[in-house]
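**Student:** Sharing a structure, written as structure tokens. Questions coming.
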Amino acid sequence: MATERTATTKQVWAALGAVYLVWGSTYLGIREAVQTIPPFLMAGTRFLIAGGLLFAWSVRRGETAADRLGWAQWRATGLVGTLLLACGNGGVSWAEQRVPTGVASLIIASVPIWMAVIAALRGEERIRPRTMAGLTIGFCGVALLLRSGSGGRSLDPTGIAVLVGAALCWATGSVLSRSLALPRRPLVTTSMEMITGGAVLMVAGVVVGEFSGFRLASVSGASLAGWLYLIVIGSWVGFASYSWLLGHARTSLVSTYAYVNPVVAVFLGWSVLGESVTWRTLLAAALIVSAVALIVLVPGARAPDPDVSTGRSRP
């Protein structure tokens, strides 16, 4: 792995391009996976497998040797994993049964906007004029998106409400993670969040009865491919690229994923799934992306932490 001094421009842009494409494409992967796999079961198994293997790999590499894990660390990662992965990603997985992937990605793109509001309410950050402009533009974009519909049809209100709740959970978990006793090593933190978030999702699947009628024989090839893509590419390749970028590129450059991902998701939804893209959707996308750019690129502002979907602010 190249050091910060020896990393080349090509290496940085290759990793950044991977983050752009991988996290932007996870919405498509989720849509395909939930066609024949119940959403909570799909997301839960995804994170338990991805997180379990990542945790075992991190331990084998000695990443926990100087960073002892106790109840405080598991409790902190459990809280963040529940907010980000169980409520955030689980909400997206459920909502994509009802809402187009492009619309889902644009609503989730509002996470930095909600983060700025929550951080200000907690007294952690001051809302500057540029941030206020971004908040105003962003909420106008979200409002326009909710009124735009898809192909002349109204958007499913329940699906939209769940997506807004998922964005709020992501934002809350990201802000809270700054003050919690998380492990110091990113891969260990991410894997523990995946494990705890995946466990909560499996419990949710049991509660809503997803296991009762599920049969492995009913899973289509496309859904299986989408599920595997989310584990291998979305959770491992995406986060590996992001983690490398944090040590080899400017934070302001790395944070651009927050407003490139929804553009990729909208394009893939239109080109692969044939989702309708209206002029109102495009205008809403432009407003939201511009708002996120204003907020994320404010001097001294912090970019949203990755999920480590998985990329923390990405599914």
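The values are calculated or read from the model by the stated rules, or taken from the named source; none is laboratory data. Just so it is clear, the model here is predicted, and its values are computed rather than measured. Cβ coordinates were reconstructed from backbone atoms using ideal geometry, including for glycine residues, and neighbour counts include every protein chain displayed.
**Student:** So which residues in region 223-236 are under 17 Å from Tyr27 (Cβ atoms), within 17 Å of the chain's Cα centre (by Cα) and surrounded by 17 or more Cβ atoms within 10 Å (Cβ to Cβ), if there are any at all?
**Tutor:** If the condition is that a residue be under 17 Å from Tyr27 (Cβ atoms), within 17 Å of the chain's Cα centre (by Cα) and surrounded by 17 or more Cβ atoms within 10 Å (Cβ to Cβ), then Gly226, Trp227, Tyr229, Leu230, Ile231, Ile233, Gly234, Ser235 are the ones that fit.
**Student:** Could you list, in sequence order, the residues of region 49-68 that are crowded, with 16+ Cβ neighbours inside 10 Å and at pLDDT below 85?
**Tutor:** If the condition is that a residue be crowded, with 16+ Cβ neighbours inside 10 Å and at pLDDT below 85, then Ser58, Glu63, Thr64 are the ones that fit.
**Student:** Would you check if there is a residue in region 46-55 being among the aliphatic types (A, V, I, L, M) and within 21 Å of Gly165 (Cβ to Cβ)?
**Tutor:** The answer is no, given that none of the residues of region 46-55 is among the aliphatic types (A, V, I, L, M) and within 21 Å of Gly165 (Cβ to Cβ).
**Student:** Note down all Cβ pairs under 6 Å where the first residue falls in region 274-287 and is farther than 14 Å from Ser105 by Cβ, the second is surrounded by 19 or more Cβ atoms within 10 Å (Cβ to Cβ) and of a type in the set (A, V, I, L, M), and they're at least six residues apart or on different chains.
**Tutor:** Pairs that qualify, where the first residue is farther than 14 Å from Ser105 by Cβ and the partner is surrounded by 19 or more Cβ atoms within 10 Å (Cβ to Cβ) and of a type in the set (A, V, I, L, M), are Leu287/Ile137.
**Student:** Do you know which residues across region 213-225 are closer than 20 Å to Gly90 by Cα and modelled with pLDDT of 90 or more? So that I can check it myself, show each step before the final result.
**Tutor:** First, the residues of region 213-225 that are closer than 20 Å to Gly90 by Cα: 213-214, 219, 222-225.
Residues satisfying the conditions are Val219, Ala222, Ser223, Leu224, Ala225.
**Student:** Let me confirm something: among Thr26, Thr45, which residue is polar (S, T, N, Q), modelled with pLDDT of 90 or more and under 16 Å from the mean Cα position of the chain (by Cα)?
**Tutor:** Exactly one of Thr26, Thr45 is polar (S, T, N, Q), modelled with pLDDT of 90 or more and under 16 Å from the mean Cα position of the chain (by Cα), namely Thr26.
**Student:** Here's something else I'd like to know. Going by the structure shown, is Ser58 among the small types (Gly, Ala, Ser) and closer than 29 Å to Leu268 by Cβ?
**Tutor:** Working: among the small types (Gly, Ala, Ser): yes; closer than 29 Å to Leu268 by Cβ: no.
So Ser58 does not fit the description; no.
**Student:** Scan (1) under 15 Å from Leu53 (Cα atoms); (2) modelled with pLDDT of 85 or more; (3) buried (at least 18 other Cβ atoms within 10 Å of the Cβ) for the single condition Phe239 breaks and write down its number.
**Tutor:** (2) is the only condition that Phe239 fails.
**Student:** While we're on this one: Regarding region 180-202, can at least one residue be identified that is within 19 Å of Val111 (Cα to Cα) and either more than 18 Å from the chain's Cα centre (by Cα) or of a type in the set (Phe, Trp, Tyr) (or both)?
**Tutor:** Scanning region 180-202, I find no residue that is within 19 Å of Val111 (Cα to Cα) and either more than 18 Å from the chain's Cα centre (by Cα) or of a type in the set (Phe, Trp, Tyr) (or both), so the answer is no.
**Student:** Tell me whether region 120-135 contains one or more residues that are closer than 30 Å to Val277 by Cβ, in a helix (DSSP H, G or I), among the small types (Gly, Ala, Ser) and within 15 Å of the chain's Cα centre (by Cα).
**Tutor:** Checked against the condition, which is being closer than 30 Å to Val277 by Cβ, in a helix (DSSP H, G or I), among the small types (Gly, Ala, Ser) and within 15 Å of the chain's Cα centre (by Cα), region 120-135 yields no hits at all.
**Student:** Sort out which residues of region 42-91 are part of a helix (DSSP H, G or I), polar (S, T, N, Q), more than 11 Å from Glu193 (Cα to Cα) and out of contact with any Leu (no Cβ under 7 Å at 6 or more places or on another chain), and write them in order of number.
**Tutor:** Thr45, Asn89
**Student:** Something else: List every residue pair whose Cβ atoms sit under 7 Å apart, with the two residues 6 or more apart in sequence or on different chains, where the first one lies in region 208-233 and is within 15 Å of Phe40 (Cβ to Cβ) and the second, anywhere, is among the aromatic types (Phe, Trp, Tyr) and at pLDDT 95 or above.
**Tutor:** Val208/Phe40; Glu210/Phe40
**Student:** From Leu287, Leu253, Leu273, which residue is buried (at least 19 other Cβ atoms within 10 Å of the Cβ) and either touching a helix residue (DSSP H, G or I) at 6+ places or on another chain (Cβ under 7 Å) or at pLDDT below 80 (or both)? Show your work before the answer.
**Tutor:** On the way: Leu253 fails: buried (at least 19 other Cβ atoms within 10 Å of the Cβ); Leu273 fails: buried (at least 19 other Cβ atoms within 10 Å of the Cβ).
Just a single option satisfies the conditions, and that option is Leu287.
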